[in-house]
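These notes concern the structure reproduced below.
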Amino acid sequence: MVLTDDELHTSNGRQAQIVSGLDRPLKTKPLGEQPRAVRRQAMAVILANVGVLSTGMTLALPTVTLDQLKDATEPVHLNGTQASWFASVNALAAPLGGLLSGVLLDKIGRKRTLVVLNILTIVAWILLATASQTDSHYFFWQLIVSRFILGIGMGLASAPPGVYAAEISVPRTRGSLILGTSISVAGGISMLYGIGYFIRDDFRLIALICCGYQLVALLCVLPLPESHCWLLAKKRVAEAKKSLNYFRGLDKSPHITHPQVLEEFQVLQKSLQLRDAEEKASFLRSLRLPEVHKPLLILMSLFAFQQLTGIFVVIVYAVQISEEAGISIDPFMCALLIGLARLLTTCPMGYVLEAWGRRRAGIISTLGMGACMFLLAGHSWSSLLRDVPYLPVVSIVGFIVLSTLGLYTLPFFMISELFPQKVRGPASGLTVAVGMFISFLCLKTFPDLKAAIGMSQCFVFFGAMALLAMLYIYWALPETRRRTLLEIEEQFRSGKRRAPAEVEMQEVFVRKPEQ
């Protein structure tokens with residue numbers, strides 16, 4: 001077949017178009033966002049958070065065991081005051097765990113801190129399972145010591161997984177990975193509510209089940225690579241290169257050959273060198289810096305509102321509150337619904353926070369929480385509301401769902417975003433310590449507050465605090481969506497928001513001139 005001149009010209013033109021199309025550079029994702037790297041980051045965060053379920057189980061334990069522990073027909077049992085200590089002493093100990101996490105994160109690293117967490121909680125569950133069956137005095141103190149150690153574990157678990165996730169990830173995946181801690185806590189609550197639904201009269205068996213789970217969690221932590229940020233800060237350069245290569249989807253090599261990874265490593269190294277060249281100040285002296293004290297005050301206030309709105313009170317006293325709210329279904333079933341609602345709502349929170357942003361999620365959350373609490377209060381006052389079927393169940397479960405969409409999740413989520421790296425360990429620990437101490441005060445005084453003003457007035461108080469939290473989030477909380485950690489730090493330092501950066505730690509990156 002012979003082509004005419006016109007056909008040859010047309011054919012050559014098409015070939016030229018095809019060739020020119022091939023010459024255009026294909027847009028590919030950065031190395032850290034490609035599937036292999038994301039899978040490695042996600043798997044490491046999942047394994048790091050397996051032990052964090054102990055926090056949720058610790059919170060939920062009073063709900064499923066207090067009825068048996070206060071049963072006067074048992075050979076050993078607790079009175080009302082002892083029961084309130086059992087329910088709240090873990091929150092009193094949690095600040096110690098938070099402070100301890102700040103020390104351990106910097107001294108022994110992210111991975112070894114998680115190992116310490118799992119060993120502590122194993123000891124605590126063993127103590128609970130072997131509590132005295134004949135002596136009430138020893139019975140009470142063994143329970144308290146066990147709960148105290150579990151509280152230390154709560155504080156210890158709050159920061160390391162989030163810090164680890166923030167350091168090994170890239171900005172686009174960071175939000176979803178940091179959320180692993182909140183999902184694990186929600187999973188632990190649901191798990192224990194489920195166990196308690198089926199085992200209502202044997203807290204020792206429940207403790208043994210939790211102990212077995214914690215042993216598995218310890219084994220999950222052992223194969224984790226250490227964070228390259230911590231390794232480089234400790235001058236362990238070869239190990240840091242291996243870790244960074246691994247989390248960017250490459251082989252674990254002590255040599256970096258990929259230009260994107262090399263660029264990221266050099267930026268991080270330069271940042272740490274500049275930090276080391278500065279006069280090393282103590283954490284107390286660092287509090288004078290705006291990029292330290294501003295996020296510290298913001299997060300401490302956010303933790304205070306989290307506790308004063310009754311989020312942890314509802315978790316710890318779920319069965320008891322369900323009974324007093326006039327719920328007609330099995331209160332243990334209601335508690336299980338609360339746990340499942342929290343878990344199912346927490347899972348898509350990475351997408352929600354990226355789609356809505358932190359501020360919008362917090363405002364919607366607190367507004368809805370206030371409405372649910374006012375409905376619960378109105379149910380006991382208004383005959384019209386009393387006629388609405390299942391209103392208490394819907395209101396309590398709705399409160400849990402809406403709190404998970406914002407106020408419950410945000411403080412733990414943002415603790416890994418707001419603090420600069422040089423104080424991230426101690427600042428995170430101090431913030432959690434303050435939050436857990438406020439939690440202790442709320443849990444310890446709730447039974448007395450309920451006896452003094454009644455359950456309905458407690459609901460009104462929680463609702464009012466939720467509305468105040470909404471105003472605070474609108475006024476004070478910064479938006480961190482799709483921003484690098486150093487951009488966030490720079491905003492606190494200068495008071496101005498910078499344009500989004502493509503590379504983490506771009507402040508110290510110098511572009512090469514084009515050839």
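Structure above, values below:
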| item | result |
| --- | --- |
| T134 vs. criteria part of a helix (DSSP H, G or I) and either modelled with pLDDT under 95 or in contact with a Gly (Cβ under 8 Å, 6 or more places away or on another chain) (or both) | no |
| Single unsatisfied condition, P295 versus (1) under 30 Å from E33 (Cβ atoms); (2) open to solvent by 10 Å² or more (accessible area, probe 1.4 Å); (3) not aliphatic (A, V, I, L, M) | (2) |
| Residue in segment 228-248 that is closer than 23 Å to F413 by Cβ and either touching a Cys at 6+ places or on another chain (Cβ under 6 Å) or of a type in the set (G, A, S) (or both) present | no |
| Residue satisfying condition, being in contact with a Leu (Cβ under 7 Å, 6 or more places away or on another chain) and either assigned to a helix (DSSP H, G or I) or not aliphatic (A, V, I, L, M) (or both), within set L367, L375 | L375 |
| Filter result (among the small types (G, A, S) and surrounded by 18 or more Cβ atoms within 10 Å (Cβ to Cβ)) within segment 356-376 | A361, G362, S365, G368, G370 |
| Qualifying residue in segment 460-470 (condition: on the phi < 0 side of the Ramachandran plot and in contact with a Phe, Trp or Tyr (Cβ under 6 Å, 6 or more places away or on another chain)) | yes |
| Condition check for A94: out of contact with any Cys (no Cβ under 6 Å at 6 or more places or on another chain) and buried (at least 24 other Cβ atoms within 10 Å of the Cβ) | yes |
| Subset of segment 234-251 (residues that are surrounded by fewer than 19 Cβ atoms within 10 Å (Cβ to Cβ) and either more than 21 Å from A42 (Cβ to Cβ) or touching a strand residue (DSSP E or B) at 6+ places or on another chain (Cβ under 8 Å) (or both)) | K234, K235, R236, V237, A238, E239 |
| Scope segment 377-428; condition open to solvent by 10 Å² or more (accessible area, probe 1.4 Å), closer than 30 Å to I298 by Cβ and either of a type in the set (F, W, Y) or touching a His at 6+ places or on another chain (Cβ under 9 Å) (or both); matching residues | F412 |
| Qualifying residue in segment 201-222 (condition: in contact (Cβ under 8 Å) with a residue 24 or more places away in the chain, more than 21 Å from L66 (Cβ to Cβ), open to solvent by less than 10 Å² (accessible area, probe 1.4 Å) and of a type in the set (S, T, Y)) | no |
| Checklist (1) of a type outside the set (S, T, N, Q); (2) under 17 Å from the mean Cα position of the chain (by Cα); (3) surrounded by fewer than 17 Cβ atoms within 10 Å (Cβ to Cβ) applied to L353, failing item | (3) |
| Criterion violated by L376 - all others in (1) within 20 Å of C458 (Cα to Cα); (2) under 15 Å from the mean Cα position of the chain (by Cα); (3) of a type outside the set (S, T, Y) satisfied | (2) |
| Subset of segment 94-121 [at pLDDT below 90 and more than 22 Å from K234 (Cβ to Cβ)] | A94, P95, L96, G97, G98 |
| Selection from segment 407-425 of residues that are closer than 10 Å to P295 by Cα and of a type in the set (F, W, Y) | F419 |
| Segment 300-318, subset of a type in the set (S, T, Y) and under 23 Å from V394 (Cα atoms), residue most open to solvent (accessible area, probe 1.4 Å) | Y317 |
| Extreme residue, nearest to L150 (Cα to Cα), among residues of segment 33-79 that are among the hydroxyl-bearing types (S, T, Y) and open to solvent by 10 Å² or more (accessible area, probe 1.4 Å) | T55 |
| Of all residues making up segment 319-336, the number that are in contact with a Phe, Trp or Tyr (Cβ under 6 Å, 6 or more places away or on another chain) and open to solvent by 10 Å² or more (accessible area, probe 1.4 Å) | 2 |
| Scope segment 198-226; condition at pLDDT 90 or above and not in a helix (DSSP H, G or I); matching residues | I199, D202, L222, P223, L224, P225, E226 |
| Pairs, first within 30 Å of G32 (Cα to Cα) in segment 265-284, second modelled with pLDDT of 80 or more, C-beta under 7 Å, six or more apart | F265/K241; F265/L244; F265/I256; L268/C229; L268/L232; Q269/L232; L272/L232; L272/A233 |
| Count of segment 134-157 residues which are open to solvent by 10 Å² or more (accessible area, probe 1.4 Å), of a type in the set (S, T, N, Q) and in contact with a helix residue (DSSP H, G or I) (Cβ under 8 Å, 6 or more places away or on another chain) | 1 |
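The values are calculated or read from the model by the stated rules, or taken from the named source; none is laboratory data. Keep in mind it's a predicted model, so treat the numbers as computed, not measured. Reconstructed Cβ throughout: ideal geometry from the backbone, glycine too, with neighbour counts over all protein chains shown. To get the accessible areas, we keep the full protein, side chains included, count just its heavy atoms, and leave off ligands, DNA and RNA. Shrake-Rupley method; radii C 1.70, N 1.55, O 1.52, S 1.80 Å.
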